[in-house]
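Colleague: Mind having a look at this structure? Questions to follow.
Readers should treat all values here as calculations from the given coordinates under stated rules, not as data from a laboratory. Please read these numbers as outputs of a predicted model, since none were measured by experiment. A quick note on method: Cβ atoms are made from the backbone with ideal geometry, for glycine too, and the neighbour counts reach across all protein chains shown.
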Amino acid sequence: MSKNFEEYAKERKARFSQVGKGVYKVFSNAIVIGEVIASARRTRSLTQRELAELAGVQQADISRMERGLLAPNTITFVRLIEALDFQVSITPIK
């Protein structure tokens, strides 16, 4: 019986070194943050350019964040939260 992708990915992650696990966590978090930013932006019917202007960041950076290629630093994250009229809650990662 062949493996599905989730089984394959789980086995691969189990073989990661400590550094690899840390890198995976950073990139996974960047992807999640980007998805949340994109969803909130669309819910408010904003373009990337409009959000960039409201938050005082480059439109290209909004694009990179939404694709999970760039995680916002603290100042940018706060600017995005304010521009999106967003509320943030923090929960432990499992």
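Colleague: With 5 Å bins from zero, work out the P(r) of the chain over every alpha carbon pair and list the percent per bin.
Modeller: In whole percents, the pair-distance histogram is 2, 12, 20, 21, 14, 10, 9, 8, 3, 1, 0.
Colleague: Something else about it: Which whole-number percent is the relative contact order of region 5-83 (Cα, under 8 Å, 6+ apart)? The partial results should precede the final answer.
Modeller: On the way: 59 pairs, mean separation 25.0, N = 79.
Relative contact order for region 5-83 comes out at 32 percent.
Colleague: Angle between the Cα long axis of helix 18-43 and the longest principal axis of the chain, 0 to 90 degrees, nearest 10?
Modeller: Here the helix axis deviates by roughly 40 degrees.
Colleague: Using only the alpha-carbon atoms, how far is helix 74-83 inclined from the longest principal axis of the chain? Give it as 0 to 90 degrees, nearest 10.
Modeller: 60 degrees
Colleague: As a check on your grasp of the helix formula, calculate [θ] at 222 nm for the chain: sum -39500 (n - 2.57) over DSSP H runs of n ≥ 4, divide by the residue count, round to the nearest 500. Write out the running numbers ahead of the final one.
Modeller: Values: 5 runs with 62 residues, N = 94.
It comes out at -20500 deg cm²/dmol, rounded to the nearest 500.
Colleague: Calculate the dipole size of the chain relative to its Cα centre from +1 charges on Lys and Arg beta carbons and -1 charges on Asp and Glu beta carbons; express the result in debye to the nearest 20. The partial results should precede the final answer.
Modeller: Details: 15 positive and 10 negative charges, 97 e Å.
Result for the chain is approximately 460 debye, rounded to the nearest 20.
Colleague: Further question on the same structure: Find how much the distance from ASP61 to ALA9 grows on full extension, using 0.36 nm per residue of separation minus their present alpha carbon separation; answer in nm with one decimal. Spell out each step's value before the answer.
Modeller: Numbers: separation 52, 0.36 × 52 = 18.72 nm, distance 2.90 nm.
Difference between extended and current length: 15.8 nm.
Colleague: Net charge near ILE31: determine it from the other residues with C-beta under 14 Å of the C-beta of ILE31, scoring Lys and Arg +1 and Asp and Glu -1. Intermediate values should be presented prior to the final figure.
Modeller: Values: positive: LYS25, ARG64, ARG67; negative: GLU35, GLU66.
The answer is +1.
Colleague: Describe numerically, in nm with one decimal, the distance between label points set 7 Å from Cα along Cα→Cβ at ASN73 and at GLU35.
Modeller: The modelled label-to-label distance comes out at 2.7 nm.
Colleague: For ILE75, what is the net charge nearby, where nearby means another residue's Cβ is under 14 Å from its Cβ and Lys, Arg count +1, Asp, Glu -1?
Modeller: Details: positive: ARG79; negative: ASP61, GLU82.
So the environment of ILE75 carries a net charge of -1.
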